[in-house]
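> Please find one structure pasted underneath; my questions will follow.
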Amino acid sequence: MMSPISTLLSEASALLRDRSGNFGMVTAIVLPILLGSAGVAIDISNVVVSQRQLQVASDSAALAAASALADGKVADTAAAQQLAKDFVAGQMANYLSASDVAYLKNNVTVNIVTTTTATGKNYKVNVSASYNMGLTPLMSVFGKKTVSLASNSATTSGTSDTKTALSMELVLDQSGSMGYNTSTCDTYKKNGSCKTYVIKIEALKAAAVKLFDALDKADPQHALVRTGVISYNNGITRDNNNKIIGISPMNWGTSVGRTYVSTLTANGGTDATEPMQSATTAIQKKADGSDTEAVEHTKKGNTTVDRYIVLMTDGEMTGNSSDWNSTKDKNVRDACDASKKAGIQIFTVAFMAPDNGKSLLRYCASSGSNYFEAETMEDLVDDFDSIAQTATRALTLLTN
């Protein structure tokens with residue numbers, strides 16, 4: 001008979017030799033690790049995807065805010081900041097619950113730094129966003145229920161002034177018919193009827209002032225606009241030394257041209273041939289950049305210069321006679337062709353003109369929209385203003 005001690009030792013030895021319970025023990029030990037590992041793999045994948053989504057959202061928000069400021073689509077930086085926050089929330093709403101989106105929106109920080117330069121404004125937008133992403137229940141094995149995700153994005157956008165300067169020659173009719181009345185009353189009788197009417201040359205002066213005012217408004221520093229005036233009747237007036245005296249040479253701004261136009265008087269016939277030729281010579285561009293306008297604009301730092309001629313008449317080409325002259329009409333057309341070939345844009349204004357005059361100016365205009373017909377003083381003033389607005393539209397182009 002075995003002693004109790006021997007029996008105990010025998011049973012212990014048998015237990016040590018028995019392998020049947022090993023799997024259960026190993027499983028009990030390893031299972032939490034396996035479950036945790038599976039959770040880690042799933043959550044790591046989710047974190048990577050969610051982090052990328054958040055980064056893309058904040059990148060897009062920064063770009064949207066900066067672009068909106070540069071394009072003037074938002075009123076101020078506060079509006080741009082709200083735009084960025086809404087943008088992040090809107091993008092992430094595709095992936096998150098409503099409560100998570102609300103939390104995220106409250107954790108979006110938008111900083112905007114505006115830098116003003118001599119040529120425009122730059123907007124540096126920084127967007128930071130963060131939220132706590134929920135993890136799978138498997139990760140609870142390690143006591144982890146959420147992980148914090150964050151992104152930071154910065155971009156710069158802005159406005160700069162791309163300066164396109166201009167040189168403009170006004171070729172203005174001062175023939176005898178410019179002394180005729182317009183339909184605009186100048187002074188009235190006591191009974192309210194018109195006593196005297198504004199004459200055409202005075203209407204022209206008023207229109208020129210309107211154009212000059214618009215040019216000065218677009219270029220108050222007189223660093224972009226150069227103007228000159230050539231007046232004509234049956235040709236250009238010359239002195240005894242054959243020097244042109246019916247002209248105000250090209251100058252910066254409009255003051256010299258204003259003074260010249262204010263002194264115009266109506267007399268003589270009508271022939272715009274030589275005035276158009278002289279205007280073209282004065283402002284056409286030379287391939288080597290040695291022309292006067294290119295040289296003068298270069299001094300102001302202007303590398304791009306548009307060149308314009310404004311041709312105005314109230315009649316038809318007659319020369320010294322009172323009858324339309326087809327040869328002189330053709331000569332003016334040829335002069336207009338030469339101007340266009342030289343890269344000059346031509347605006348034309350027919351002021352209470354007969355059909356032959358209108359036909360000529362339609363031909364000379366660079367395009368249909370560059371041709372104007374004015375039957376009243378008010379029309380003439382509006383047309384000259386429209387020309388100035390069109391010409392100055394390219395003075396400052398907003399670029400991003």
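The values are calculated or read from the model by the stated rules, or taken from the named source; none is laboratory data. Note that the structure is predicted; figures quoted are calculated from it, not measured. Virtual Cβ from ideal backbone geometry, glycine too; neighbours counted across all protein chains shown. Side chains are part of the model used for accessible areas, which takes the heavy atoms of the whole protein and leaves out ligands, DNA and RNA. Shrake-Rupley method; radii C 1.70, N 1.55, O 1.52, S 1.80 Å.
> So in segment 114-135, with the set limited to residues that are at pLDDT 90 or above and under 26 Å from the mean Cα position of the chain (by Cα), which one is least open to solvent (accessible area, probe 1.4 Å)?
Out of the qualifying residues, it is VAL125.
> Between LEU170, LEU96, LEU138, LEU83, which is modelled with pLDDT of 90 or more and outside any strand (DSSP E or B)?
Details: LEU170 fails: outside any strand (DSSP E or B); LEU96 fails: modelled with pLDDT of 90 or more; LEU138 fails: modelled with pLDDT of 90 or more.
On inspection, the qualifying residue turns out to be LEU83.
> Suppose we keep only residues that are surrounded by 15 or more Cβ atoms within 10 Å (Cβ to Cβ) and polar (S, T, N, Q) within segment 360-389. Which one would you say is farthest from the chain's Cα centre (by Cα)?
Filtering first and then ranking leaves THR376.
> Sticking with this one: Checking ASN111 against (1) open to solvent by less than 50 Å² (accessible area, probe 1.4 Å); (2) over 29 Å from SER45 (Cβ atoms); (3) at pLDDT 90 or above, only one condition comes out false. Which one?
Going through (1) open to solvent by less than 50 Å² (accessible area, probe 1.4 Å); (2) over 29 Å from SER45 (Cβ atoms); (3) at pLDDT 90 or above one by one, ASN111 breaks only (1).
> Would you check which residues across segment 210-226 are out of contact with any helix residue (DSSP H, G or I) (no Cβ under 7 Å at 6 or more places or on another chain), farther than 15 Å from ASN251 by Cβ and not basic (Lys, Arg) and list them?
Initially, segment 210-226 is screened for residues out of contact with any helix residue (DSSP H, G or I) (no Cβ under 7 Å at 6 or more places or on another chain), giving 213, 216-217, 219-224.
Still in the running and farther than 15 Å from ASN251 by Cβ: 213, 217, 220.
ASP213, PRO220 - these are the residues of segment 210-226 that are out of contact with any helix residue (DSSP H, G or I) (no Cβ under 7 Å at 6 or more places or on another chain), farther than 15 Å from ASN251 by Cβ and not basic (Lys, Arg).
> Being among the hydroxyl-bearing types (Ser, Thr, Tyr) and surrounded by fewer than 15 Cβ atoms within 10 Å (Cβ to Cβ) is the filter here; which residues of segment 315-341 pass it?
Residues satisfying the conditions are SER321, SER322, SER326, THR327.
> Residues in segment 198-218 that are among the charged types (D, E, K, R) and surrounded by 21 or more Cβ atoms within 10 Å (Cβ to Cβ): how many?
So the first thing to find is which residues in segment 198-218 are among the charged types (D, E, K, R), and the list is 200, 202, 205, 210, 213, 216-217.
The next check asks that each one be surrounded by 21 or more Cβ atoms within 10 Å (Cβ to Cβ); those that pass are 200.
Total meeting the criteria: 1.
> In segment 50-76, which residues are of a type outside the set (Gly, Ala, Ser) and either in contact (Cβ under 8 Å) with a residue 40 or more places away in the chain or closer than 19 Å to MET133 by Cβ (or both)?
Taking segment 50-76 first, the residues of a type outside the set (Gly, Ala, Ser) are 51-56, 59, 63, 69, 71, 73-74, 76.
GLN51, ARG52, GLN53, LEU54, GLN55, VAL56, ASP59, LEU63, LEU69, ASP71, listed by residue number.
> Sticking with this structure for a sec: Those residues that are in a helix (DSSP H, G or I) and either open to solvent by less than 30 Å² (accessible area, probe 1.4 Å) or of a type in the set (S, T, N, Q) (or both), I need them from segment 342-357; list them, please. Full working, then the answer.
Initially, segment 342-357 is screened for residues in a helix (DSSP H, G or I), giving 355-357.
ASN356, GLY357 - these are the residues of segment 342-357 that are in a helix (DSSP H, G or I) and either open to solvent by less than 30 Å² (accessible area, probe 1.4 Å) or of a type in the set (S, T, N, Q) (or both).
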